[in-house]
Amino acid sequence: MASNPEVISFFDDSTNTVTYIVADLETKFCAIIDSVLDYNPNSGTTTTESADEVIATVEERGLRTQWILETHAHADHFSAAPYLQKKLGGTIAIGAHIPDIQKVFGGLFNEDETFKRDGSQFGKLFAENEKFEIGNLQANVLYVPGHTPACIAYHIGDTVFVGDTLFMPDYGSARCDFPGGDAGTLYDSVQKLYALPDETRMFLCHDYKAEGRDYYAWETTVGEQKANNIHLHSGVSRDEFIKMRNARDKTLDMPKLILPSIQINMRAGELPEPEENGTRYLKIPLNAV
């Protein structure tokens with residue numbers, strides 16, 4: 001059976017997000033991880049250029065989409081999962097703790113009872129250490145909360161896709177001040193990732209160019225992170241990290257797309273239902289975050 005995937009990356013400049021196709025070349029089955037639906041906040045319009053680039057690559061390579069995976073409910077971009085599913089098929093999946101996010105933000109946005117807070121919008125909710133397959137590739141789910149209470153990573157062959165848990169070694173770690181986030185919990189989650197073999201290829205959800213670096217990067221290794229991550233290299237204690245992370249988070253503003261993005265992503269990428277005039281609306285709660 002195949003053990004290691006081919007990974008194809010797509011970088012979205014407007015949100016600094018990386019989408020991945022993870023392919024088993026033996027069977028031609030693939031998964032798509034952390035997709036992007038383009039959104040213009042000035043006009044309130046959504047478009048599909050980023051997702052269409054992914055679709056074109058899947059079709060050109062003769063791949064068959066088995067999974068459309070999310071590492072968490074993103075606060076900085078819209079998911080294109082439903083659009084990709086309509087075009088390519090596949091099961092939309094996320095971690096089993098997504099109801100924790102839905103309950104918090106369902107309350108913030110004053111959603112009524114038609115918004116289910118049980119994760120049922122998704123086709124599959126992965127439990128910690130649950131195993132699944134992409135063609136002949138063996139995949140394992142790692143529960144890595146801390147950035148949010150619902151973050152997971154996908155360990156697939158010699159690769160691991162960690163979402164927002166870590167950034168490139170010269171940029172550090174994820175913020176932990178969202179609802180349900182916790183710096184100590186993130187530290188513990190990163191130790192799970194660091195328990196993987198040093199040569200494991202680590203793929204990140206974002207890059208923002210660390211100071212002194214003039215190019216985007218989103219692939220590193222577990223060994224490189226352990227040796228060089230500016231926030232969480234080997235030798236940094238749990239207490240030291242908590243102190244640094246909490247102090248740093250106090251200086252950060254909220255992501256500019258958090259309010260619209262969460263409304264979409266907690267629905268598995270579906271837009272809110274249209275109102276009686278046929279128009280869909282996003283809510284912006286004032287003085288509530």
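Using the Karplus relation 6.51 cos²θ - 1.76 cosθ + 1.60 with θ = phi - 60°, the per-residue 3J(HN,Hα) values for the stretch 65-76 come to 7, 9, 9, 10, 9, 10, 7, 5, 7, 5, 10, 9 Hz, with x marking Gly and Pro.
From the cross-link list K116/K243; K28/K209; K116/K283; K124/K243, which pairs have alpha carbons spaced over 25 Å apart?
Details: K116/K243 37 Å; K28/K209 33 Å; K116/K283 17 Å; K124/K243 36 Å.
In this structure, K116/K243; K28/K209; K124/K243 lie more than 25 Å apart at Cα.
Taking amide H as placed 1.01 Å from N in the peptide plane, H206 has its amide H under 5 Å from the amide H of V18, each at least 5 places away in sequence or on another chain.
Counting only Cβ charges, +1 for Lys and Arg and -1 for Asp and Glu, the dipole size of the stretch 6-265 around its Cα centre is about 440 debye.
Based only on the alpha carbon positions, what is the Kirkwood hydrodynamic radius of the stretch 6-265, in angstrom? Write out the running numbers ahead of the final one.
Working: mean 1/r = 0.0538 Å⁻¹.
For the stretch 6-265, inverting the mean 1/r across all distinct Cα pairs yields 18.6 Å.
Residue-wise HN-Hα couplings along the stretch 200-215, as the Karplus relation 6.51 cos²θ - 1.76 cosθ + 1.60 with θ = phi - 60° gives them from phi, are 4, 6, 10, 10, 9, 7, 9, 8, 10, 6, 5, 4, x, 10, 9, 9 Hz; Gly and Pro carry x. In sequence order, the stretch 9-24 has phi-based couplings of 10, 9, 9, 9, 5, 5, 10, 6, 9, 10, 9, 10, 9, 10, 10, 9 Hz under the Karplus curve 6.51 cos²θ - 1.76 cosθ + 1.60, θ = phi - 60°, and Gly or Pro positions carry x. A cut-off of 5 Å between modelled amide H atoms, ignoring neighbours fewer than 5 places along the same chain, links F126 with I94, G95, A96.
If you average the sequence gap of Cα pairs under 8 Å that are 6 or more apart and divide by the length of the stretch 68-174, what percent do you get for the contact order? Please list the in-between numbers first.
On the way: 165 pairs, mean separation 25.3, N = 107.
Once divided by the residue count of the stretch 68-174, the mean separation gives 24 percent.
Amide H to amide H, with H built 1.01 Å from N, T159 comes under 5 Å of R201, counting only residues 5 or more places away or on other chains.
We did not get these values from a lab; they are worked out from the coordinates using the rules stated. Since we're looking at a predicted model, the values are computed, not measured. Please note: Cβ atoms are built from the backbone with ideal geometry, for glycine as well, and neighbour counts cover all protein chains shown.
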